[in-house]
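Here, each number is a calculation from the coordinates, and none is a lab measurement. Everything numeric here is computed off the predicted structure, so don't read it as measured data. When we count neighbours, we look across all protein chains shown, and the Cβ atoms used for this are built from the backbone with ideal geometry, even at glycine.
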Ligand code: ADP
Ligand code: MG
């Protein structure tokens, strides 16, 4: 939940000086949320944890409402105990320090009436009291509430627990109709809600989650994205920020399964949790995640509830949560322990209205960002390489190769030539220029980077123009990916063809081979055909198969050659040296709900 400087809350100079003197640097979340409504004269129901600064949240607007020239009670605060009454009174005193002429008085049982009479007689404008003693003074005529502007219930739930309900109702019935009511409670049991219904008018409800409150460091962003492009956006964001530890929230079990399958196939280190998974497995997955045995947990809200991990780098709302409360719960798992966390929310189509409602009523602070383009992802990865190079140079973490260098210089090469050649070699080895040796890149990560080159979701994408790693989501439903004839010309296709240099991108060629080549019969040398028991009728795409092969075997995607999809089966050419391993590893794996059966076509068949 957001915090703001007091100076932005529309307060008087006297209050600003006072909070400064008290050493408050900025308004707490409950103060940020409550004060503007309090100032505007609205009734407020506030709920937040102990120690979150509720006292100042109601005291500040109350003080601002007091007319010091009027020597009558204008603010009444009801508290459950004398200790609290004294404490709250002291806080009023401090906050009103520079507001000359404001007088506050605590009234509670056990203290002599004399003192309290005197203070009330002297024209105190703010009375802070326990319900019993307040009733007494009202009955005696020493406390008159005809000029009351604001009534505040602090710790309302505790007051009810202590049996003050009748007293409270009596007091609330005796105060002027036209008054503001601020209602604070740590919990909201039925009885409290009844009171609120009876004695407030159109109140603003403010609830500050303990989690969010301790996690001020979460950068929250939402993206408007086509439903089919969500996976693409997800992987882009992961790659762009180089995230290693996060939760991806989905709204259904089916979506969890589907996403798990897709991310797995793309080489991401993921696992999943939802209600249909056995308790034993759930426990195992959670343990593993806590130990960082994998990078991303895909889960439903319910399944993630028992997970006590809160130092995530990122939370993805792959699907929109139900309400602001769930949202806050979800993102509260990141940005802890002083580290900055990120929360990304995807909205598709009409969900945007739902999100805007959540932002409005839940007072969420989420800003919109545009979907990062593939170029930006590439650039970010390039920067990783650049930074790594620079760090290596700066820290001198390398052996000197003076001799080799001198020999090359002697032969007339410049140092720029030599460095460029080295980078070129690195690119060649990594199938990915620029980001050659990402610092932490595990093997699957390197593969997934290499295999990531579909058109940006926002671009006008011709249906057939689906890259090898493009999730079926990106393909319009009517598309037949293996259709002959190549892609319709379009900006995305043009960009891809103009893509990285040939040394780096073995996959670009492979992709075209996989997608756009006409079905062919002859095998290329060095390739063996494997027959898969899935075909067009299963709605399988080349992306599914290449993704599966790369994901399961961890082999680079370029071991796959031509893919020829038939009605009931598909012929996939793979590098002969890996054919047996692929058959062995993929047998029984699910693709499009089919359990895979594979058969190698003998050479010469
Ligand atoms: P609550 O009523 O929610 O239990 P309090 O109003 O008693 O919390 O505040 C808890 C403590 O935090 C008090 O010592 C108070 O002075 C201090 N405090 C309140 N607001 C701020 C702020 N904006 N910055 C720093 N300290 C604050
Ligand atoms: Mg309090």
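A few remarks follow.
- Taking a point 7 Å from the Cα of residue 600 along the Cα-to-Cβ direction, the residues of segment 557-580 with backbone N closer than 18 Å to it are 559-562, 571-580.
- Each of 567, 325 has some number of other Cβ atoms within 10 Å of its Cβ, and from fewest to most they run 567, 325.
- Ordering 345, 235 by the number of other Cβ atoms within 10 Å of each residue's own Cβ, fewest first, gives 235, 345.
- With each label modelled as a point 7 angstrom along the Cα→C-beta vector, the residue 322-residue 21 pair spans 4.9 nm.
- Debye-sum result for segment 342-387 in log10 I(q)/I(0), which assumes one identical scatterer on each alpha carbon, at q = 0.30, 0.31 Å⁻¹: -1.12, -1.15
- Averaging the sequence gap over all C-alpha pairs within less than 8 Å and six or more residues apart, then dividing by the number of residues, gives segment 247-403 a relative contact order of 20 percent.
- Residue 227-residue 404 pseudo-label distance in nm [points 7 Å out on the Cα-to-Cβ vector]: 5.5 nm
- The value obtained for segment 532-592, namely the Cα convex hull volume divided by the number of residues, is 69 Å³ per residue.
- Cα-based Rg and Dmax for segment 6-207, where Dmax is the largest Cα-Cα distance (Å): 15.5, 43
- In terms of surrounding Cβ atoms within a 10 Å radius of their Cβ, 20, 402, 136 rank from fewest to most as 402, 20, 136.
- Whole-number Å³ per residue for the convex hull built on Cα positions in segment 218-375: 108 Å³
- Coordinate range of the alpha-carbon atoms in segment 101-258 per principal axis, descending: 73, 33, 29 Å.
- Chain lengthening between residue 117 and residue 147 when straightened (0.36 nm per residue, less Cα-Cα): 9.0 nm
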